[in-house]
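Right, one structure below, let's go through it.
The values are calculated or read from the model by the stated rules, or taken from the named source; none is laboratory data. Treat the numbers as computed from the prediction; the structure is a model and nothing was measured. Quick reminder, even Gly has a Cβ in these numbers, built from the backbone with ideal geometry, and neighbours come from all protein chains shown. The accessibility values were calculated without ligands, DNA or RNA, using every heavy atom of the protein model including side chains. Shrake-Rupley method; radii C 1.70, N 1.55, O 1.52, S 1.80 Å.
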Amino acid sequence: MRCLYFHRLLGNGAITDYSDLHDPTAREFEAFLKKYKRTYCFISSDQLAENLKANNTAWNLIHLSMDDGFASSLLAAEICERHSVPLTVFVTSQAMQGFLPWYVLRVRAIINAGGPVKFQGRQYDPRDYAQALALHDALKREVYAHPPADQQEAAQELLAQCGLSPGRVLDKFRFMTLDELAQLAASPMVTIGGHGKSHVSLQELDAAMARREIAGCRQDLEAVTGREVKYFSYPEGLYSAATVAQVKEAGFAAAFAVAAEPGADSLYAIPRTFLGRGLEQFIPGPRPIAAYQRDPASPLRVVVLTWVPQQSGPYLSLYRQIKEQYPQLVTVGRTWLPPESLSELKAGAEVIAAGQAKEPAAGPAPQGGVHELLSRLGRVLPPGGKTWLQALEREYYRSRRVNRRGRWASLLAAPGLVLGERFQMKLALRVEEARARRYPDPAMGLADCDIILPAAGDLGALARSIAARRPDVIIQLGWGIVPRPLLDIAGWGVLSWHHGMMPGLRGAHTPTWAVAYKRPDWLGLSLQRLEAGMDTGQIVSRRSLDPKQASDYVDAYLQLDDYSIEMTLDALSGLEQGRDIISDPNLDPLAGEYRNIFRFSDILRYLRNQKSFFG
C-alpha cells in the first residue's frame with residue numbers, strides 16, 4: 001500500500017520560478033494515472049481505513065491526497081473524475097476565507113522580489129533558483145524557531161525586515177473560494193478532509209488552541225460542504241500523542257502524517273510520500289541498496305514462504321537444498337484448509353489463528369447489467385455451459401477493470417481472454433507433467449512447516465510471528481503474491497524469481513509472450529528483491545536463454561528451472577558472505593512491458609511462431 005500526496009498542479013510544464021521545481025503538471029499527473037491504473041488500484045480514504053483495520057496493506061493499493069486547498073485542486077479533481085480515481089483534498093479552512101498561511105506569504109514574497117535580498121548578513125538573488133531555495137529554507141528555519149502560535153506574526157516581521165512583500169496574488173497560489181470548495185465537495189470522486197484552520201503546527205500548541213485548530217476546522221468544512229468530514233492531515237506532517245488524542249476527540253476516523261513514529265496508532269499516523277515532479281520515482285519506492293548489512297560470522301537466518309501441499313518440482317528441489325545448507329530454515333506454509341481441518345502437523349508447529357486480515361479483494365461483486373443477463377442465460381444451459389459462462393463473466397469483469405473500455409466492449413473481449421487463459425494453463429500443465437518426471441522429490445506437506453497460515457488466518461499475526469525469528473532473508477517459493485506486511489520483515493528483504501528478463505517484460509506466463517511476439521530478449525530468468533509492485537524489484541541477477549538451445553516450450557521452461565535453482569543458491573551464498581548481491585537497482589522498473597493473459601489473437605501468434613522460435 002502506498003499513500004501519496006501533493007499540494008498543487010501546474011497548468012503547463014513551464015518553470016517560471018523556484019516554486020515550480022517540485023509540483024507536477026496536469027499533463028504529468030494525468031499520464032501518471034493512466035500508466036499506473038494498469039497495475040495498481042487507487043482507493044478512497046474510506047477504503048484505505050477499512051483495509052488498515054483489516055491489516056490489509058496489499059502491494060497494489062494507492063491512496064492519493066492533496067494538502068492545503070489550492071484552486072488547482074479543482075483541476076486535479078477533474079482529471080481524477082475522468083479516470084475514476086478517488087482523491088482526498090485536505091483543506092485549511094481559514095484559507096478559504098482570505099487568510100494566507102505564513103508559508104504562502106513567504107513563497108509569494110520571494111517570487112515577487114524585484115532584486116537581491118539581504119537576510120542574516122547574506123545576500124540572496126531570488127531570480128536564481130538555487131539562491132531562491134536557499135532563502136526559502138533560511139526564512140523557514142527562522143520562523144520555526146518561534147512557538148507555533150507566533151509563527152504567522154514572526155513571518156510577517158521577517159519579510160518586512162528583508163524588504164519583501166507578498167505582492168500580487170499569484171493564481172497558482174490562490175486558495176479555493178467557499179463556492180469552489182462546495183463545488184469540489186460535490187464531486188463523486190472527492191473526499192474533503194481537514195488540514196487545520198490556519199495550517200499552524202499542532203504538536204506544540206496548548207490544548208485550547210489545538211482544539212480550535214482541529215475541531216474548528218472540521219466544523220468550518222462541514223458547514224460549507226454539507227458533508228461529514230472524517231479525515232485529517234496534520235499540518236507540516238507533525239503530531240504528538242496529545243495531537244492524536246485531540247484528533248480522535250474531534251471525531252475524525254483517521255489522520256495522515258508524513259512519517260509514522262514508532263508505536264503510533266496506524267489509523268492516526270498514516271505515512272505518506274510526497275508526489276512531485278518525476279512522479280514515477282515514487283512507485284514502487286525501492287529501499288536503498290545499502291540498507292542491509294549483516295555479520296558474515298553469524299549463521300544466515302532463512303525463511304521460506306510456500307503453498308502446501310507443494311508439488312512443483314523446482315520449488316521442492318530448491319527447498320531441499322536450502323534446508324540442507326541452512327539447518328535453521330523456517331518454513332511457512334499457506335493452505336486453503338481451515339484450522340479445524342489441519343492434521344499431521346510438525347511437532348511444535350505454530351498455526352496462525354483466524355483474524356480479520358484478508359487477501360486483496362478481486363473487486364466488487366458483480367451487480368445488474370451483464371451479470372443479470374449472464375445469470376438468465378445460465379438457467380437454460382447444461383452444466384458444462386454454466387461453467388463456461390462463469391468463466392466468461394469472470395474474465396469480463398477482469399477485462400473491464402484492466403481496459404476500462406466500456407461494459408459491452410469488455411464483454412466482447414472476454415471470450416478471447418477465457419480462451420487465452422485456458423491455453424496458457426494447458427501449457428503450464430505440460431510443464432508440470434515434465435517437472436514431475438524430472439524431479440523425484442516428494443511433495444511438501446503440512447508436516448514440513450514450522451508456521452502454518454490456514455484459511456482466514458491473520459496476516460498481521462503471521463507477520464509478527466516471522467518477525468520474532470529475525471530472518472535475514474525470506475524466499476518466495478510458490479506462495480503467490482507476497483502480502484505487503486511481509487515485504488519489510490527480513491533484514492535483506494524477500495527473494496523471488498521471475499520467468500522473464502526484467503524490466504523488459506513483467507507479468508505472468510512470460511515465456512509464452514516471448515514466443516508469441518518473437519522476442520528472444522524476453523526469454524530468461526530474473527532474480528529480484530520484491531518490492532510493492534508487480535515485478536518491479538531491485539534485480540539480483542539475470543540470465544537469458546537462447547531459444548535455439550531449447551527444443552520446445554517445455555524444454556525452455558525446464559532450463560529456466562535450472563537457472564532459478566543455481567541463481568537462488570548463489571544469491572544466498574553471497575548474502576551469507578556479506579556481499580551486496582544487487583546487480584541492478586532497477587530505477588525505472590516500468591520501462592518495459594506488462595503482460596498477463598493471452599487474447600485469442602495471441603494464441604494464433606503463439607501457434608504460428610512456436611516451431612520457428614525454438615531450435
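Our note on the geometry: Cα centres of the range 442-459 and the range 72-97, 45 Å apart. The portion of the accessible surface of the range 539-615 made up by carbon and sulfur, rounded to a whole percent, is 46 (1.4 Å probe; DNA, RNA and ligands excluded).
Phi-derived couplings, Karplus 6.51 cos²θ - 1.76 cosθ + 1.60 at θ = phi - 60°, listed residue by residue for the range 110-115: 5, 5, 7, 4, x, x Hz, with x used for Gly and Pro.
Surface listing: ARG174, ARG272, ARG579 arranged by accessible area from highest to lowest gives ARG579, ARG174, ARG272, probe 1.4 Å.
Per-residue Karplus couplings for the range 570-583, computed as 6.51 cos²θ - 1.76 cosθ + 1.60 with θ equal to phi - 60°, are listed in order as 5, 5, 5, 5, x, 5, 4, 7, x, 7, 7, 8, 6, 9 Hz, Gly and Pro entered as x. If you sort ASP220, ASP206, ASP535 by accessible surface, 1.4 Å probe, largest first, the order is ASP206, ASP220, ASP535. Under 5 Å between amide hydrogens, built in the peptide plane, is the criterion, and for PHE90 it picks out MET66, ASP67, ASP68, GLY193 among residues at least 5 positions away or on other chains. For ARG519, no residue has an amide H sitting under 5 Å from its own, ignoring neighbours fewer than 5 places away on the same chain, with H placed 1.01 Å from N.
Report note on the peptides 90-99, 561-570, 605-614: ranked by the mean count of other C-beta atoms within 10 Å, highest first, their order is 90-99, 561-570, 605-614. Under 5 Å from the amide H of LEU342 lies no amide H of any residue 5 or more positions distant or on a separate chain, with H modelled from the backbone and absent for Pro and chain starts. The residues of the range 428-527 have, on average, 33 Å² of accessible surface per residue, using a 1.4 Å probe with all protein chains present.
Per-residue surface analysis assigns TYR557 an accessible area of about 40 Å², computed on protein heavy atoms at 1.4 Å probe radius. Rolling a 1.4 Å probe over the protein heavy atoms gives the range 96-250 an accessible area of 46 Å² per residue.
The solvent-accessible area of ILE582, taken with every protein chain present and a 1.4 Å probe, is close to 20 Å².
Among 333-341, 243-251, 63-71, 100-108, sorting by the average number of other beta carbon atoms lying within 10 angstrom of each residue, highest first, gives 63-71, 100-108, 243-251, 333-341. Share of carbon and sulfur in the accessible area of the range 1-115 stands at 47%, probe radius 1.4 Å. Accessible surface of HIS22, taken over heavy atoms with a 1.4 Å probe and every protein chain present, rounds to 100 Å². The mean sequence distance of close C-alpha pairs (under 8 Å, at least 6 residues apart), as a share of the length of the range 1-131, puts its relative contact order at 27 percent.
Could you state the number of Å between the C-alpha centres of the range 137-162 and the range 19-58? Taking the Cα centre of each part, the range 19-58 and the range 137-162 sit 34 Å apart. Measure up LYS37/LYS548; LYS426/LYS611; LYS140/LYS197; LYS53/LYS323; LYS426/LYS548; LYS426/LYS518 against 28 Å on the Cα-Cα distance and list the ones that go over. Listed pairs above 28 Å: LYS37/LYS548; LYS53/LYS323. Note on the range 153-235: with neighbouring protein chains present and a 1.4 Å probe, carbon and sulfur make up 48 percent of its accessible heavy-atom surface.
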